[in-house]
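Working notes, structure below.
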Amino acid sequence: MLEGPVIIVARKGYAGRLNVVTARSLIVHEDAYAVRPKQQYLKAINLEWFAGHYSAEFQANRTALWGIGDFPRERFRSMQVLIPSREFQDAVAKMYTRRRTLLERHRTLREDVESRFRVLLKDA
């Protein structure tokens, strides 16, 4: 059992996708890796920034772009990452959070509009 916050790296399906999990306790099965910065870097890394910034790069390192790809642990260990100042990370993490909020709102509104159109077309 792990304690959050941690970054979860998907191994299959969305291989390489990074998500931050803040749950007090969690269990990670074989389809993902849990990653936490080393103790000396904990305060220097904003996990939300890291997941938002590096998710695309991690996904680009999966074993296959089509079908069932994997994100092997060896690739993760050999990747070099650059960590800017914590202030920069915090500012960008806020923008990532805002983007997620806007995209979720957009999806919800689109689904609502599509649902209303289906009702209108059904009644026509």
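Just so it is clear, none of the values below were taken in a lab; they were calculated from the coordinates. Every value quoted in this text rests on a predicted model; they were computed, and no experiment measured them.
See the values below:
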item: Normalised contact order of region 6-123, rounded percent, pairs of Cα under 8 Å and 6 or more residues apart; result: 26 percent
item: In Hz, Karplus ³J(HN,Hα) per residue of region 41-52 (6.51, -1.76, 1.60; θ = phi - 60°; x = Gly, Pro); result: 10, 3, 7, 8, 10, 8, 4, 5, 4, 4, 5, x
item: Nearest-ten-degree value, helix 86-123 long axis tilted from longest Cα axis of the chain; result: 20 degrees
item: Under 15 Å from the Cα of K122 - aspartates and glutamates, other chains or at least 8 residues apart; result: E114
item: Where Rh is the Kirkwood radius over Cα pairs, Rg/Rh for the chain; result: 1.09
item: Residues of type aspartates and glutamates that K38 reaches as a straight line, Cα spacing below 15 Å, ignoring anything fewer than 8 places off in the same chain; result: E3
